[in-house]
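Working notes, beginning with the structure itself.
The values are calculated or read from the model by the stated rules, or taken from the named source; none is laboratory data. Just so you know, these numbers come straight off a predicted model, no measurement behind them. Please note: Cβ atoms are built from the backbone with ideal geometry, for glycine as well, and neighbour counts cover all protein chains shown.
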Amino acid sequence: MANEKFSENFVLKEMRCDLGENEFGKVYPQGDVPDISAIEKLLEKAGGKPKECAIEDYSLGGTGKAKPEFIITFHKNANTIIVVECKRSVKQHQSDKLNKPKDFAVDGALYYAKFLKERYNVIAIGVSGSKKDDSKISTFYWQKGHDEYKELSRLNILLEPAIYLQYLKGERISRQYSLEEIRQTAIDMSNSLRVAKVTANDKPIFIAGILIALQNEDFEEAYMNATTLKGLEWNISSAISDVLGDAGVKQDRIDNILNTFKNVSSLHHFQTTKMNEDYSLRWYIQELDMKIKPMMNIADSSIDALGEFYHEFIKFSNGDDGKALGIVLTPQHLTELMCDVSGLNKKSRVLDTCAGSGGFLVTAMSKMFKNANYHEIQKIREDGLYGIEADPHIYTLCIANMIVRRDGKSNIHYGSCFDKKITEELKKKNIDVGLINPPYSQDDYNELEFVEQLLSILVTRGIAVAVVPINCALGTTCKEVRERLFKKHTLEAVFSMPTEIFNPAASAPPCVMVWTANVPHPEDKRTFFGYFRDDGFVKRKKLGRIDAHGKWEEIRKKWLYLYQNKIEEPGYSVMHHVSHEDEWCAEAYMETDYSTLCAADFEKKIKEYAAFKFLNGVK
């Protein structure tokens with residue numbers, strides 16, 4: 001049976017803090033604050049919680065000393081504290097009149113706060129339940145010396161303590177990245193939207209539209225006050241129009257999003273769900289506002305939180321949602337490696353012609369921000385990042401991703417990267433870095449044609465880094481494109497990557513190609529080939545491939561060192577002259593380091609080779 005101890009553990013886990021000393025300040029349990037006499041005296045004045053006491057009644061203090069579950073203090077703000085009161089059951093969350101502090105979490109938190117606010121600004125949090133999917137959280141702010149408190153209705157989840165201070169200061173709320181929380185939110189939303197009968201195509205636009213609307217400060221502050229669905233619909237439509245209009249998005253794309261919202265909100269589920277209930281339109285806005293958006297608000301983070309959210313969102317959708325949306329998320333460590341290989345810096349202009357959710361651009365933005373001053377950062381946001389996306393639904397995700405990260409002018413083009421009008425416009429931008437994960441196995445264009453098109457847009461000696469199936473490097477396919485590429489561009493390097501790096505999304509082993517644009521491949525050129533099959537990641541149930549043993553950083557450094565210095569090392573890398581007719585992979589030319597081999601290694605490689613030939617149709 002759940003008890004308050006479980007509730008307390010749940011609170012500490014969700015707030016990501018420990019009892020005692022923390023980086024932000026201290027967490028004191030059970031009202032035991034021996035080193036701050038002012039708090040001790042106020043808790044003694046409050047006494048133990050009485051069975052019944054009106055919120056405005058200060059005369060009826062309990063006997064003994066008050067013992068809230070937690071008192072939290074801050075090193076950098078001694079005038080503000082947090083008081084947390086827990087109850088084991090959600091039935092004990094809040095009484096009708098807030099006058100039963102002994103039996104209800106919210107009543108108790110406010111009871112303590114009304115005494116503590118004599119000397120402090122108090123953030124009072126009432127928590128009921130003992131696990132995340134069966135809990136209620138209510139947050140209040142009682143300013144020092146004031147007679148009335150206010151409910152912080154947006155804060156219906158537990159946050160790291162310092163984030164509450166950000167909120168009170170009116171700052172953008174940012175949260176530490178949590179794949180676990182992203183996954184749980186994605187599962188919940190995906191399943192609930194399925195039950196509400198929202199179509200696979202409408203789901204991503206619905207989510208992206210909310211995130212876009214939340215960039216409008218008026219909407220962000222007002223949506224919790226909406227009392228009718230019609231009023232909230234009008235507010236969100238107005239906010240989306242304003243944000244996208246300011247970003248230069250064409251009206252037909254704006255109308256597409258607005259029509260989607262009209263379709264979704266007209267569904268029976270939304271029409272019959274009350275605004276203050278879970279899974280109402282307002283609930284979806286609040287969940288994204290407090291759980292996903294804050295993870296995207298860390299502008300210098302290279303992690304594509306929105307991309308990860310959609311990856312999980314699609315993966316856990318029932319039916320064919322994943323196939324319908326066609327998103328294959330490039331693993332985060334691979335996008336970072338490819339950005340590093342490209343040599344981009346704060347002065348670069350970066351293009352992804354198959355932008356997807358914007359993962360490459362998000363990572364590039366983060367790396368370009370490093371060592372950039374305020375004006376340089378604004379310059380990067382305005383004209384340092386460009387993308388093209390042909391799918392109307394994924395395009396909406398991409399512009400949402402960039403706008404949420406304060407890319408004020410969204411340079412994401414809707415259309416095909418083979419559209420002459422779009423490519424001619426981009427050629428005028430002097431773009432010097434291209435990053436791409438082209439769609440695999442298309443009927444109209446093969447993967448190398450996407451690479452070729454990207455190279456044609458870049459300035460002379462610009463660098464393109466592409467991840468493509470290994471069969472593009474074998475010479476058995478794309479022969480005409482390979483010849484055209486060598487006539488116009490230079491193949492600098494090819495890295496053979498881990499077979500399951502896209503696990504389970506891709507069936508073919510990938511490789512990363514590095515090209516110099518608009519410089520024909522010299523006959524005497526020695527190309528670098530890396531055998532980078534082991535990135536140290538391992539598969540874990542429900543988590544996929546993760547860096548469980550912390551090996552990736554050292555492996556990444558070694559790979560970059562070998563490539564950047566063009567070092568040949570048995571088992572890892574080789575330099576070799578190649579033509580368009582040759583195989584472009586390390587396996588064809590690399591020496592084996594026999595000193596480290598054992599029988600198990602030999603058996604493993606034989607199996608890998610057999611699988612390699614089978615997957616790529618090599619006889």
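Any idea which of (1) within 17 Å of Val33 (Cα to Cα); (2) modelled with pLDDT under 95 is the one Lys87 doesn't satisfy?
(1)
Output yes when any residue across the stretch 486-501 is under 29 Å from the mean Cα position of the chain (by Cα) and among the polar types (S, T, N, Q), and no when none is.
Yes, there is a match, as at least one residue in the stretch 486-501 is under 29 Å from the mean Cα position of the chain (by Cα) and among the polar types (S, T, N, Q).
From the list Glu492, Glu523, Glu553, which residue is out of contact with any Asp or Glu (no Cβ under 6 Å at 6 or more places or on another chain) and at pLDDT below 95?
Within the list Glu492, Glu523, Glu553, the selection yields Glu523.
Are any of the residues in the stretch 141-156 of a type in the set (Ser, Thr, Tyr) and in a strand (DSSP E or B)?
yes
In the list Thr353, Thr396, which residue meets the criterion of being of a type outside the set (Gly, Ala, Ser), touching a Lys or Arg at 6+ places or on another chain (Cβ under 8 Å) and under 26 Å from Ile205 (Cβ atoms)?
The conditions single out Thr396.
Looking at (1) surrounded by 23 or more Cβ atoms within 10 Å (Cβ to Cβ); (2) farther than 23 Å from Val249 by Cβ; (3) out of contact with any Pro (no Cβ under 9 Å at 6 or more places or on another chain), can you tell me which one Met402 breaks?
Looking at each condition in turn, Met402 falls short on (2).
Is there a residue being in a loop (DSSP other than H, G, I, E, B) and at pLDDT below 85 anywhere in the stretch 344-351?
Among the residues of the stretch 344-351, not one is in a loop (DSSP other than H, G, I, E, B) and at pLDDT below 85, which makes the answer no.
Looking at the stretch 524-539, which of its residues are without any contact (Cβ under 8 Å) to a residue 60 or more places away in the chain, farther than 18 Å from Ile567 by Cβ and not acidic (Asp, Glu)?
Answer for the stretch 524-539, where residues must be without any contact (Cβ under 8 Å) to a residue 60 or more places away in the chain, farther than 18 Å from Ile567 by Cβ and not acidic (Asp, Glu): Gly536, Val538, Lys539.
Could you go through the stretch 116-128 and let me know if any residue there is out of contact with any Leu (no Cβ under 9 Å at 6 or more places or on another chain) and assigned to a strand (DSSP E or B).
Checking the stretch 116-128: at least one residue is out of contact with any Leu (no Cβ under 9 Å at 6 or more places or on another chain) and assigned to a strand (DSSP E or B).
Looking at the stretch 296-319, is at least one residue at pLDDT 90 or above and within 25 Å of Ile555 (Cβ to Cβ)?
No, the stretch 296-319 has no match at all.
Name the single residue that is surrounded by the most Cβ atoms within 10 Å (Cβ to Cβ) among those in the stretch 255-280 being among the aliphatic types (A, V, I, L, M), part of a helix (DSSP H, G or I) and at pLDDT 90 or above.
It comes out as Val264.
Being buried (at least 24 other Cβ atoms within 10 Å of the Cβ), part of a helix (DSSP H, G or I) and in contact with a Ser or Thr (Cβ under 7 Å, 6 or more places away or on another chain) is the filter here; which residues of the stretch 77-115 pass it?
Ala105, Val106, Asp107
Considering every residue within the stretch 474-490, establish whether at least one is in contact with a strand residue (DSSP E or B) (Cβ under 6 Å, 6 or more places away or on another chain) and surrounded by fewer than 21 Cβ atoms within 10 Å (Cβ to Cβ).
The answer is yes, given that some residue of the stretch 474-490 is in contact with a strand residue (DSSP E or B) (Cβ under 6 Å, 6 or more places away or on another chain) and surrounded by fewer than 21 Cβ atoms within 10 Å (Cβ to Cβ).
In this structure, is Val451 assigned to a helix (DSSP H, G or I), surrounded by 22 or more Cβ atoms within 10 Å (Cβ to Cβ), β-branched (Val, Ile, Thr) and touching a helix residue (DSSP H, G or I) at 6+ places or on another chain (Cβ under 9 Å)?
yes
All but one of (1) within 37 Å of the chain's Cα centre (by Cα); (2) modelled with pLDDT of 75 or more hold for Tyr609; which doesn't?
The failed condition is (2).
Mind listing whichever residues of the stretch 456-477 are within 19 Å of Ala586 (Cβ to Cβ) and not in a loop (DSSP other than H, G, I, E, B)?
Val465, Ala466, Val467, Val468, Pro469, Ile470, Asn471, Cys472, Ala473
Testing Ser7 on (1) part of a loop (DSSP other than H, G, I, E, B); (2) of a type in the set (Gly, Ala, Ser); (3) within 27 Å of Ile157 (Cβ to Cβ), one condition comes back false. Which one is that?
Here Ser7 clears every test but (1).
In the stretch 368-389, which residues are farther than 19 Å from Asp246 by Cβ and surrounded by 21 or more Cβ atoms within 10 Å (Cβ to Cβ)?
Met368, Ile388, Glu389 - these are the residues of the stretch 368-389 that are farther than 19 Å from Asp246 by Cβ and surrounded by 21 or more Cβ atoms within 10 Å (Cβ to Cβ).
Quick test of your reading of the structure: Ala355 fulfils all but one of (1) in contact (Cβ under 8 Å) with a residue 40 or more places away in the chain; (2) over 26 Å from Ile254 (Cβ atoms); (3) part of a loop (DSSP other than H, G, I, E, B). Name the failing condition by number.
For Ala355, the exception is condition (2).
Taking the stretch 547-566, which residues are exposed (fewer than 14 other Cβ atoms within 10 Å of the Cβ) and outside any helix (DSSP H, G or I)?
Answer for the stretch 547-566, where residues must be exposed (fewer than 14 other Cβ atoms within 10 Å of the Cβ) and outside any helix (DSSP H, G or I): Ala548, His549, Gly550, Asn565, Lys566.
Give me the pairs: first residue in the stretch 29-51 and assigned by TED's automatic domain parsing to the domain that holds Asp103 and more than 22 Å from Leu19 (Cβ to Cβ), second residue in a helix (DSSP H, G or I) and not small (Gly, Ala, Ser), beta-carbon distance under 8 Å, and six or more apart or on different chains, which are they?
Lys45/Phe115
Please determine whether any residue of the stretch 514-523 is closer than 20 Å to Leu560 by Cα, assigned by TED's automatic domain parsing to the domain that holds Leu455 and crowded, with 21+ Cβ neighbours inside 10 Å.
Yes - at least one qualifying residue is present in the stretch 514-523.
Which of (1) outside any helix (DSSP H, G or I); (2) under 28 Å from Arg253 (Cα atoms); (3) of a type outside the set (A, V, I, L, M) is the odd one out, the single condition His393 does not satisfy?
Looking at each condition in turn, His393 falls short on (1).
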